[in-house]
Amino acid sequence: MELLLVLPVLLLSVVLHEVAHGWVALRQGDPTAALQGRLTLNPLAHVDPVGSVLVPLLLWLAPGGVLFGWARPVPVDPRNFRHPRRGDILVSLAGVTANLALAVACTALAALALQAALAGPAAGRTLELVGRAALAGVWINLTLFFFNLLPIPPLDGSHVVAQLLPPRLAAAYRSFGRYGILALLALLVLAPGSLRVLLAPVSFFGRLAEALVWGSP
């Protein structure tokens, strides 16, 4: 029941992340995502069988109950950007900006729903479910926000770093993208606590959001 409640929140979060990339790319002059029908909230256009279904399910069943995943990346052709450097930075930050906005919206929704559920029993159970789903959305979107900002190619944060480097260093840095995710996975296997350190801001802001939701100091 808990997974059925939270999985749609994760799906919405990763879909909005990708749609934001494609929408900003269109605004910057690249219609690639739009032409391929990716500027839609229909999850069928974005679902990755591994990242959107299998990985979240395995993570949920694993100790700790962490939920994380991803959708199929929207296609972007930076050669179409009117201003390539600015366009790459804006498109790269669009996804995490969407996740940050969702985290704020989920905090407000969770506070309204859970406080209303406590105030009156009329629709208490329904409001509680909505509040719990929204609270899960806070943690999911904070995780997506901070994880994607890690300066590890090909994550979103790496595009910003690459644009700040001299061309030769940027090219070498981008070439690491072929091994970036493998290196990250190796780090997690060899040093299991490293992800907790890298994503420490998630815990801080997640607890802050929960304090706001429950009205505690």
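The values are calculated or read from the model by the stated rules, or taken from the named source; none is laboratory data. Keep in mind the model is a prediction, meaning the values are calculated, not measured. We place every Cβ from the backbone using ideal geometry, glycine too, and count neighbours over all the protein chains shown.
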Worksheet item: Going by the structure shown, is R132 charged (D, E, K, R), closer than 12 Å to V9 by Cα and part of a helix (DSSP H, G or I)?
Response: yes
Response to the item:
Selection from the range 32-52 of residues exposed (fewer than 15 other Cβ atoms within 10 Å of the Cβ) and assigned to a helix (DSSP H, G or I) yields L35, P43, L44, P49, V50
Discussion item. Being surrounded by fewer than 20 Cβ atoms within 10 Å (Cβ to Cβ) and touching an Asp or Glu at 6+ places or on another chain (Cβ under 9 Å) is the requirement here; does Q163 meet it?
Written reply: yes
Discussion item. Restricting to the range 174-205, name every residue that is outside any helix (DSSP H, G or I) and closer than 26 Å to V138 by Cα.
Written reply: P192, G193, L199
Discussion item. I'm told G29 meets every condition in (1) modelled with pLDDT under 95; (2) assigned to a loop (DSSP other than H, G, I, E, B); (3) surrounded by fewer than 21 Cβ atoms within 10 Å (Cβ to Cβ) except one. Can you identify the failing condition by its number?
Written reply: (1)
Worksheet item: So which of A134, A186 is crowded, with 19+ Cβ neighbours inside 10 Å and among the hydrophobic types (A, V, I, L, M, F, W, C)?
Response: A134
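Quick grid of which residues meet (1) of a type in the set (K, R); (2) over 27 Å from V76 (Cβ atoms); (3) touching a residue at least 60 places away in the same chain (Cβ under 8 Å):
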position: A117; (1), (2), (3): no, yes, no
position: L127; (1), (2), (3): no, yes, no
position: V138; (1), (2), (3): no, yes, yes
position: L150; (1), (2), (3): no, no, no
position: L169; (1), (2), (3): no, no, no
position: R207; (1), (2), (3): yes, yes, no
position: A211; (1), (2), (3): no, yes, no
position: W214; (1), (2), (3): no, yes, yes
